[in-house]
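Structure, as structure tokens:
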Amino acid sequence: MGGGDHRYRAPDYDTLVDSPIVVGNPAVYDFDVDGKKHSLVDVGEGGVFDGARAAKDLEAVVKEDRRLWGSLPYDRYVFFNMITESGGGLEHKNSTVLMTNRWATRTRRAYLAWLQLASHEYFHAWNIKRLRPAELGPFDYENENITRSLWIAEGFTDYYADLQVARAGLQTRDEYLEDLSNTIELLQTTRELEQQLDQLLHQGHGHRVRARREDSQGDRRREIARRRDARRVSEILGAEVLHTRAVPRRRRGGGWHQPQSVLGVRGRRRLGT
Ligand SMILES: [Zn+2]
């Protein structure tokens with residue numbers, strides 16, 4: 001939205017607060033997918049973080065998500081990568097802000113974790129920024145926005161974040177399955193998660209992840225644990241759906257072929273690389 005050199009105009013307040021602004025001299029790596037410009041904007045590479053490689057691999061993730069969803073829902077997308085020796089990320093409608101450390105491209109484990117973080121936030125361009133619980137936009141800026149749907153909004157996003165990195169050929173099938181195996185093992189040895197899954201599969205959408213209100217009461221650890229639970233439930237749901245598809249008599253009402261059927265997406269039905 002240009003209003004002249006170094007002048008920018010947002011069409012409304014929601015767009016303004018959803019548009020992060022970086023001022024400085026970052027390293028910028030552009031690539032096009034579907035004729036749409038994407039940029040990786042690295043702040044603080046420090047001669048260590050490999051931006052060119054990261055942009056090339058992000059392009060593969062973008063293409064994989066484009067294949068899954070059928071189209072790209074924006075005109076331009078920016079990955080703001082703040083190399084601040086920190087971690088985490090936040091989704092926006094047409095961009096994301098990631099935080100990482102400069103060594104993230106130096107070891108395979110760290111790099112995969114960075115790719116999965118970027119993949120997660122990018123997946124939110126669909127699942128949460130456009131397909132979202134009613135409570136999560138337009139936001140009520142005066143009050144807390146509480147939702148009971150994080151298990152879909154975050155859980156499904158986490159599930160696809162990793163799967164899309166593997167599908168893009170950036171993680172081997174064995175590495176992906178090893179991660180999945182660890183997740184399943186954790187589920188099988190954690191009673192509470194078993195109950196959640198049972199509830200989800202047998203009572204459908206009656207499954208409840210406790211409301212966000214608790215977050216504001218300060219128990220950050222509980223929020224993280226819940227997010228992890230939601231992700232595991234999604235992963236197991238994905239496996240269950242694939243299994244259900246393989247056993248036709250267990251299909252209900254036409255059946256779910258893959259979690260993306262739940263999301264209303266017609267995607268390719270394949271797992272792994
Ligand atoms: Zn998220």
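The values are calculated or read from the model by the stated rules, or taken from the named source; none is laboratory data. Bear in mind the structure is a predicted one, so any value in this text is a computation, not a measurement. Glycine also receives a Cβ, built like all others from the backbone with ideal geometry; neighbour counts cover every protein chain displayed.
Worth a mention:
- Residue list for region 106-125, restricted to those being within 12 Å of the ligand (Cβ to nearest atom) and touching a helix residue (DSSP H, G or I) at 6+ places or on another chain (Cβ under 7 Å): 116, 118, 119, 120, 122, 123, 124
- Test: residue in region 143-150 that is of a type outside the set (Ser, Thr, Tyr), in contact with a Leu (Cβ under 8 Å, 6 or more places away or on another chain) and surrounded by 20 or more Cβ atoms within 10 Å (Cβ to Cβ): no
- Residue-level check: of (1) more than 12 Å from the ligand (Cβ to nearest atom); (2) surrounded by 15 or more Cβ atoms within 10 Å (Cβ to Cβ); (3) in the same structural domain as residue 69 (by TED's automatic domain parsing); (4) more than 27 Å from residue 178 (Cα to Cα), residue 99 misses just (4).
- Condition check for residue 19: under 18 Å from residue 164 (Cα atoms) and either in contact with a Ser or Thr (Cβ under 7 Å, 6 or more places away or on another chain) or not in a helix (DSSP H, G or I) (or both): no
- The residue of region 76-102 that is nearest to residue 51 (Cα to Cα), among those that are part of a loop (DSSP other than H, G, I, E, B) and touching a Phe, Trp or Tyr at 6+ places or on another chain (Cβ under 8 Å), is 102.
- Residue selected from region 135-176 under the condition among the aliphatic types (A, V, I, L, M) and within 14 Å of the ligand (Cβ to nearest atom), by the criterion modelled with the lowest pLDDT: 150
Condition check ((1) within 17 Å of residue 130 (Cβ to Cβ); (2) crowded, with 18+ Cβ neighbours inside 10 Å; (3) of a type outside the set (D, E, K, R); (4) not assigned by TED's automatic domain parsing to the domain that holds residue 170) across all residues:
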site: 24; (1), (2), (3), (4): no, no, yes, yes
site: 40; (1), (2), (3), (4): no, yes, yes, yes
site: 51; (1), (2), (3), (4): no, yes, yes, yes
site: 61; (1), (2), (3), (4): no, yes, yes, yes
site: 66; (1), (2), (3), (4): yes, no, no, yes
site: 80; (1), (2), (3), (4): no, yes, yes, yes
site: 85; (1), (2), (3), (4): no, no, no, yes
site: 88; (1), (2), (3), (4): no, no, yes, yes
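- Hits in region 52-75 - residues which are assigned to a loop (DSSP other than H, G, I, E, B) and either within 16 Å of residue 121 (Cβ to Cβ) or among the aliphatic types (A, V, I, L, M) (or both): 72, 73, 74
- Screening region 177-196 for residues that are acidic (Asp, Glu) and under 19 Å from residue 160 (Cα atoms) and picking the one that is modelled with the highest pLDDT gives 178.
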